[in-house]
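The values are calculated or read from the model by the stated rules, or taken from the named source; none is laboratory data. Note that the structure is predicted; figures quoted are calculated from it, not measured. When we count neighbours, we look across all protein chains shown, and the Cβ atoms used for this are built from the backbone with ideal geometry, even at glycine. Only protein heavy atoms, including side chains, enter the accessible area calculation; ligands, DNA and RNA are left aside. Shrake-Rupley method; radii C 1.70, N 1.55, O 1.52, S 1.80 Å.
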Amino acid sequence: MQVNVSKPETKMSFTNKQMNVADKVVPILLFLCAAVSILTTIGIVYTLFSETISFFKSVPIFDFIFGGKWSPLIEPKSFGIWPLLSGTFLITLIAILVAVPIGLASAIYLSEYAPERVRKIVKPVLEVLAGVPTIVYGYFALTFVTPLLKSIFPDMSVFNALSAGLVVGIMIIPMVSSLSEDAMSAVPKSLRHGAYALGATRFEVALKIVVPAAFSGIVSSAVLAFSRAIGETMIVSVAAGSTPNLTLNPLESIQTMTAYIVQVSLGDTPHGSVEYGTIFAVGLTLFIITFLLNILALYVARRFREEY
Amino acid sequence: MTMFQDANRKQISNRRKTDLVLHLLFIVATSIGIVALMALLISIMMDGLSRLNWDLFTNYPSRLASKAGMKSAVVGSIYMVLIMAPISFILGVGAAIYLEEYAKKNAITRFIQLNISTLAGVPSIVYGILGLTIFVRGMALERSLLSGSLTMTLLVLPIIIVSAQEAIRAVPRARRDASFALGATKWQTVARSVLPSSISGILTGVILALSRAIGETAPLVMIGALTFVAFLPESIMDQFTVMPIQIFNWVSRPQVAFHELAAAGIIVLLAMLILMNISAIILRNKYQKNV
Amino acid sequence: MSTATALKTLINIKDLDLYYGTYHALKKVSMTIPEKAVTAFIGPSGCGKSTLLRTLNRMNDMIIGTRIEGKVEIGGTNIYSNEVDVETLRKKVGMVFQQPNPFPKSIYDNIAYGPRLHGIRSKAKLDEIVEQSLKQAVLWEEVKDYLKRSAFSLSGGQQQRLCIARALAVNPDILLMDEATSALDPISTLKIEELVQELKHRYTIVMVTHNMHQAARVSDQTVFFLNGEVVEFDQTETLFSNPSDKRTEDYITGRFG
């Protein structure tokens, strides 16, 4: 079948003697850039663990984990983390009680009810809430929300968990609403149409079809918001006070882990002292909790992802 | 009874009512976020506008609220961003190019990717602890502008990497093929075809990340940016302060006069953020036209 | 049409097998392709014609899991041997794709992209190459006053001729065209077919086409593929007028595909 029996006469070769330096070096340089993120993680873990271990040489780890009193800067010193933990969780609890219902309701409204025109305006406005610097929220909590609350609860202290918690909650609304809305928008139209065809009303479709189908995304967004609230620093430093207080009364002044770290670094605690070491022990506790929550959020989002 | 009026008409009308009530409830809930934002902006305007004048930009901090300004803080914030911008751009975009164009799809790559997404969720104050240990003490850079900028670079890097990856991924495959088919090497294709096509998307991400850095306070408190700086930094090894730190300092004072200063400072900070966001939006629109 | 027998062989494919992972995309393909002539690959979708085209400039290398056995010789060199530099190969074996894919740059910069890759910096030299290439692609008259305009301002057919000009600008010996007219209107298609007739005096052209009539109009040789195998390979006139295989006859008479 071959038509051309003649030998090829045009000779071609495709060798290239010149070494291409860029293509040898560049991938290595780029890999080094990517490696910075790994080094950052190693740096964080190493710093926190090594300093915490030396801290536990002077303070028994048992006292730290189970102690009910935190006063590392004032005699008699004690190093029980529970007051800081309770302060942190009080703030976080209030924030979640604000952010999850409001965020979820906003997400349902935006994804199931809002006309396109309204959605286009409301969504970016909500996202602005996420871009406001935390120090601005701190100012807002202290100078606007606290006086407002004081008119309702006259014997509330100036620095209190409620005001800070509410404002942290406002800050994380867009986190819940936009991640939940993404999850809801991913629910296929056909599922909705199926329910409407059976005579379901809009709220029935939203609550019985869309929310359950997007459930993992919603849970994941709430977990992430939770983690974000735990790590929030400036709002609580400004508005929640600096009295480590083992209480669940939101009208009292408390101290969170993050606010404690700020307090120490604002003072002139000598490097290498036991007090200085508390930064790392508290920082490690904070890091471990938020890390586990972030992993949980990733896991929930992946593990329970609906296959439509 | 007609065909559309069946026996459980009552039940249906109840469900309609529920739908209406819930609809209102959802609208109210959505408004809460918007109302809060409005309240925040209005209260800050009312507190701060009276103190928004040139003195704010020309005066150094002072014990007297009437004389205090934020010159050193404004300049410090700008310097910090100028130092961060090239470093975070190179590291972030380099990492994104590596992950999108060079990395083999193996366990190490997946690990790096997972690592980046977990780093994005680490509380900012933890970066402060890292910066304090590594830059301030470990490398003996002291409480300098450089220490602060490097710490903030690490903080925003995950954001820049992820957004740059998205921009690079959006470049059509055909555009890479066209370049390869002309005999371009991988790096030539990346540098001359992929990057020019994705640069405005990448820059949008970088600007948004930098605007995040401009508003951050906690990590800089940790590395010891000062609250009372009556001079401008002259080298990257000088001490410094930034706007959020100055605002924090003023908020922490009990006197109302300092709160007004803080509000004025916040207006300046927000104006700067709005400016950066507008430029990011302009770039993004340009980018959508190109792809 | 010129007689292919008089021409020298440039490409020689011997017992070529290609796998994408476990999928056997090309099965024992052998053929020779003559110099300075048009060879068309035809066959139904998924028959392997585009895959074979992409082995000629090793664009398949970029698809992960591709494995090749057998030989592809161009000008006596096995292009899959170790000393072959892929970039040099692709410089000499140009390609035009199914969809026009200009860069989001000016018309001038699109053409100059290749020469610049290969180290040409002089403005005068680049100007000359841009003009020559656009003239060869019969686009010069239409765009000579708008060289600084974005390539996206051109019509689809103009964009495809720009892509041809861009491929010619690096001075290749072979031009591969992968269904280069399938996204174009009939008038643009006709222009490109005429262009191919011009270009074959200087270049060896290998084209994949969905359209048998195009193969019949434009090519000197035609190869008919089915399920990754070469069914028939002959001078175009012979293949269309007097096919030796029943399957070829079925395809060209429109009984399937």
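Points to keep in mind about this one:
- The single condition among (1) away from chain A (no Cβ under 14 Å); (2) under 23 Å from residue C:92 (Cβ atoms) that residue C:202 does not meet is (1).
- Scanning the stretch A:113-134 for residues that are in a helix (DSSP H, G or I) and within 8 Å of another protein chain (Cβ to nearest Cβ) yields a total of 8.
- Every residue from the stretch C:188-215 that is over 17 Å from residue C:48 (Cα atoms) and among the aliphatic types (A, V, I, L, M): C:190, C:192, C:195, C:196, C:199, C:205
- Those residues of the stretch C:220-249 which are part of a strand (DSSP E or B), away from chain A (no Cβ under 13 Å) and over 29 Å from residue C:201 (Cα atoms), in sequence order: C:226
- Some residue of the stretch B:160-181 being within 7 Å of another protein chain (Cβ to nearest Cβ), among the charged types (D, E, K, R) and closer than 30 Å to residue C:173 by Cβ: yes
- Of all residues in the stretch B:131-154, those satisfying the criterion of being open to solvent by less than 10 Å² (accessible area, probe 1.4 Å) and either more than 9 Å from chain A (Cβ to nearest Cβ) or at pLDDT 95 or above (or both) are B:131, B:136, B:144, B:145, B:147, B:148, B:149, B:151, B:152, B:153.
- Sub-8 Å Cβ pairs linking a first residue in the stretch C:228-239 that is at positive phi to a second residue that is open to solvent by 30 Å² or more (accessible area, probe 1.4 Å), at least 6 apart or interchain, are C:228/C:24; C:228/C:27, ordered by first then second residue.
- Qualifying residue in the stretch C:15-23 (condition: in contact (Cβ under 8 Å) with a residue 24 or more places away in the chain and among the β-branched types (Val, Ile, Thr)): no
- Residues of the stretch B:134-160 classified as among the basic types (Lys, Arg) and over 18 Å from residue A:45 (Cβ atoms), total: 1
- Given (1) within 30 Å of residue B:128 (Cα to Cα); (2) more than 12 Å from chain B (Cβ to nearest Cβ), number of the condition residue A:186 does not satisfy: (1)
- Single match in B:78, B:97 (criterion: over 30 Å from residue A:282 (Cα atoms) and more than 21 Å from the chain's Cα centre (by Cα)): B:97
- Unmet criterion (only one of (1) farther than 20 Å from residue C:39 by Cα; (2) buried (at least 22 other Cβ atoms within 10 Å of the Cβ); (3) among the hydrophobic types (A, V, I, L, M, F, W, C)) for residue C:120: (2)
- So residue B:63, is it at pLDDT below 90, more than 7 Å from every other protein chain (Cβ to nearest Cβ) and surrounded by fewer than 22 Cβ atoms within 10 Å (Cβ to Cβ): yes
- Evaluation of residue A:29 against (1) in a helix (DSSP H, G or I); (2) open to solvent by less than 90 Å² (accessible area, probe 1.4 Å) (one fails), failing number: (2)
- Members of the stretch B:168-197 that are small (Gly, Ala, Ser) and without any contact (Cβ under 8 Å) to a residue 60 or more places away in the chain: B:174, B:178, B:179, B:181, B:183, B:184, B:191, B:193
- Output for the stretch C:176-191, where each listed residue is of a type in the set (A, V, I, L, M) and buried (at least 24 other Cβ atoms within 10 Å of the Cβ): C:176, C:177, C:180
- Test result for residue B:124, surrounded by 20 or more Cβ atoms within 10 Å (Cβ to Cβ), within 10 Å of chain A (Cβ to nearest Cβ) and under 17 Å from the mean Cα position of the chain (by Cα): yes
- Remark: residue C:61 falls outside the filter, which requires a residue to be of a type in the set (Asp, Glu) and touching a residue at least 40 places away in the same chain (Cβ under 8 Å).
- Any hit, the stretch B:15-35, residues being open to solvent by 30 Å² or more (accessible area, probe 1.4 Å), more than 11 Å from every other protein chain (Cβ to nearest Cβ) and not acidic (Asp, Glu): no
Let's see how each residue does on (1) part of a helix (DSSP H, G or I); (2) at pLDDT 90 or above; (3) under 24 Å from residue A:122 (Cβ atoms); (4) open to solvent by 40 Å² or more (accessible area, probe 1.4 Å):
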| site | (1), (2), (3), (4) |
| --- | --- |
| A:172 | yes, yes, yes, no |
| A:219 | yes, yes, yes, yes |
| A:229 | yes, yes, yes, no |
| A:236 | yes, yes, no, no |
| A:241 | no, no, no, no |
| A:245 | no, no, no, yes |
| A:255 | no, yes, no, no |
| A:258 | yes, yes, no, no |
| A:262 | yes, yes, no, no |
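- The condition of being over 24 Å from residue A:276 (Cα atoms) and surrounded by 20 or more Cβ atoms within 10 Å (Cβ to Cβ) holds for only one of B:230, B:262, that being B:262.
- Top-ranked residue of the stretch A:70-89 - restricted to ones that are at pLDDT 90 or above and open to solvent by 10 Å² or more (accessible area, probe 1.4 Å), ranked as farthest from the other protein chains (Cβ to nearest Cβ): A:82
- Selection count where residues are over 20 Å from residue C:152 (Cα atoms), open to solvent by 20 Å² or more (accessible area, probe 1.4 Å) and more than 7 Å from every other protein chain (Cβ to nearest Cβ), scope the stretch C:86-108: 1
- Residue match in the stretch B:86-101 (condition: over 30 Å from residue C:65 (Cα atoms), surrounded by fewer than 17 Cβ atoms within 10 Å (Cβ to Cβ) and at the interface with another protein chain (Cβ under 8 Å from one of its Cβ atoms)): yes
- Qualifying positions in the stretch B:40-57 - hydroxyl-bearing (Ser, Thr, Tyr) and not in a helix (DSSP H, G or I): none
- Within the stretch C:165-181, the set of residues being within 14 Å of chain B (Cβ to nearest Cβ) and polar (S, T, N, Q) comprises just one member, C:171.
- One residue stands out in the stretch A:264-290 among those that are at the interface with chain B (Cβ under 8 Å from one of its Cβ atoms) and crowded, with 19+ Cβ neighbours inside 10 Å: the one that is farthest from residue A:227 (Cα to Cα), namely A:265.
- Filtered residue count, the stretch B:182-199, keeping only those that are under 24 Å from the mean Cα position of the chain (by Cα), open to solvent by 20 Å² or more (accessible area, probe 1.4 Å) and facing another protein chain (nearest Cβ under 7 Å): 0
- Some residue of the stretch C:71-84 being within 11 Å of another protein chain (Cβ to nearest Cβ), open to solvent by 50 Å² or more (accessible area, probe 1.4 Å) and either modelled with pLDDT of 95 or more or over 23 Å from the mean Cα position of the chain (by Cα) (or both): yes
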